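The values are calculated or read from the model by the stated rules, or taken from the named source; none is laboratory data. This one's a predicted model, so the numbers in the text were calculated from it and none came from an experiment. Virtual Cβ from ideal backbone geometry, glycine too; neighbours counted across all protein chains shown. Heavy atoms of the whole protein, side chains included, go into the accessibility calculation; ligands, DNA and RNA do not. Shrake-Rupley method; radii C 1.70, N 1.55, O 1.52, S 1.80 Å.
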Amino acid sequence: MKKFILGTLALSAIACADTATVLPYFGTINYDNSAGKSLKDSSKFGGVYTSIGNLDYLLEFSYNYLDTRYKDNVNVSNLIQHDVTLVYSKYNPKYMFKGGIHYINNNENANFRDLGSGIVGILGVEGYTYRAKSKISYGLDVYYSHYGSAHNETTINDTTTISLWQFTPYFSYGKTISADLGNTFTLKANFIDAKDYLDSSYFSYEISDTVTYKGAYLTLGYMGGDMKSGVRDNGFSVYNTKDLYHRSYQAKLGYYFTPKLNISINYTANDYEEYNAATLQLLPEGRNSIVYAAVSYTF
């Protein structure tokens, strides 16, 4: 029944669509070289994001494939993961509502399982105000993460259900400075309620700023605080591990060759404590780096 409802929703949206965007991407993750700070060696990933909509609605779909290799001294097979995300947003003159799901399926080894496969529910509301050449946006995203066959932080002998709530209020201010120059500043807070963990709550914050000049744009971002098993990027990125993230640095450089064709390069560095699913302990703090390229075209 769920597949039928989602399929009907997608078809009805396509029937009255005005524009569609397709964005394929691919990239790599390099983990800390020290075996004492990371059990993982590298990952490669790729996928596609698509959206269909007009001034009344937006239907977004994303598929991501991830292949992670562990270091030679770790006797664990490659982790293969598939992520599918579907989000529907309904717009009104002064506000927007959205709802969706993010489904995760992977082959985590039963003897080296962290959270395993799971599903995340996505709900959000946003208000916006236009003033001359500026736009103010403010809203709240709510995520419910459910992992039905996971290991907790006290035993690897049995699997259990782990559920988390995340509340992410945000504020954004965008301004058109001139015909060629614009700027958008965004601030987010992430409150995670993790009653199934030994530490039952986590807090982090995100700051980002995007400068546009003619066809080029640059986004710089920073995340601080503590995040475990969190959700980012409006529900499209899910950290389905017990890794503890402390800091994240992001940079994105892109260019519109035409109003419809855009290419971007993205870089992220994360300072975090990786979770060892075999010992149920966090490793000393290390760093991973993510690089990926994306191309988008709007029809």
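Yes or no, residue by residue, for (1) open to solvent by less than 20 Å² (accessible area, probe 1.4 Å); (2) assigned to a strand (DSSP E or B):
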site	(1), (2)
Tyr88	no, yes
Lys98	no, yes
Ile101	no, yes
Ile104	yes, yes
Gly116	yes, no
Val125	no, yes
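The residues on offer are Leu79, Leu115, and the sole one that is under 17 Å from Thr159 (Cα atoms) and of a type in the set (A, V, I, L, M, F, W, C) is Leu115.
With respect to the stated conditions, Lys195 fails to be over 23 Å from the mean Cα position of the chain (by Cα) and open to solvent by 60 Å² or more (accessible area, probe 1.4 Å). Out of Ser42, Ser51, Ser38, one residue alone is over 19 Å from Thr241 (Cα atoms) and at pLDDT 95 or above. It is Ser51.
Can you tell me which residue within region 67-79, out of those that are open to solvent by 30 Å² or more (accessible area, probe 1.4 Å) and out of contact with any Asp or Glu (no Cβ under 7 Å at 6 or more places or on another chain), is nearest to Tyr103 (Cα to Cα)?
Of everything passing the filter in region 67-79, Ser77 is nearest to Tyr103 (Cα to Cα).
Any residue at all in region 281-291 that is within 25 Å of Leu79 (Cβ to Cβ) and open to solvent by less than 20 Å² (accessible area, probe 1.4 Å)? Scanning region 281-291 turns up at least one residue that is within 25 Å of Leu79 (Cβ to Cβ) and open to solvent by less than 20 Å² (accessible area, probe 1.4 Å).
Checked against the criteria, Ser149 does not count as touching a His at 6+ places or on another chain (Cβ under 6 Å) and either open to solvent by 70 Å² or more (accessible area, probe 1.4 Å) or part of a strand (DSSP E or B) (or both). For region 24-35, the candidate set comprises residues that are part of a strand (DSSP E or B) and either at pLDDT below 95 or under 19 Å from Ile263 (Cα atoms) (or both); within that set, the residue that is least open to solvent (accessible area, probe 1.4 Å) is Gly27.
Table: residues versus (1) farther than 17 Å from Asn234 by Cα; (2) under 20 Å from the mean Cα position of the chain (by Cα).
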residue: Ser89; (1), (2): no, yes
residue: Lys98; (1), (2): no, yes
residue: Gly118; (1), (2): yes, yes
residue: Ser134; (1), (2): yes, no
residue: Leu140; (1), (2): no, yes
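Among the numbered conditions (1) surrounded by fewer than 15 Cβ atoms within 10 Å (Cβ to Cβ); (2) of a type in the set (S, T, N, Q); (3) part of a strand (DSSP E or B), the only one that Ser178 does not meet is (3).
With respect to Tyr143, is the statement that it is touching a residue at least 60 places away in the same chain (Cβ under 8 Å) and either open to solvent by 30 Å² or more (accessible area, probe 1.4 Å) or among the aromatic types (Phe, Trp, Tyr) (or both) true?
Here the answer is yes, as Tyr143 does meet what is asked.
Determine whether Ala278 is in contact with a helix residue (DSSP H, G or I) (Cβ under 7 Å, 6 or more places away or on another chain), more than 24 Å from Ala189 (Cβ to Cβ), open to solvent by 20 Å² or more (accessible area, probe 1.4 Å) and of a type in the set (A, V, I, L, M). Against the criterion (in contact with a helix residue (DSSP H, G or I) (Cβ under 7 Å, 6 or more places away or on another chain), more than 24 Å from Ala189 (Cβ to Cβ), open to solvent by 20 Å² or more (accessible area, probe 1.4 Å) and of a type in the set (A, V, I, L, M)), Ala278 qualifies.
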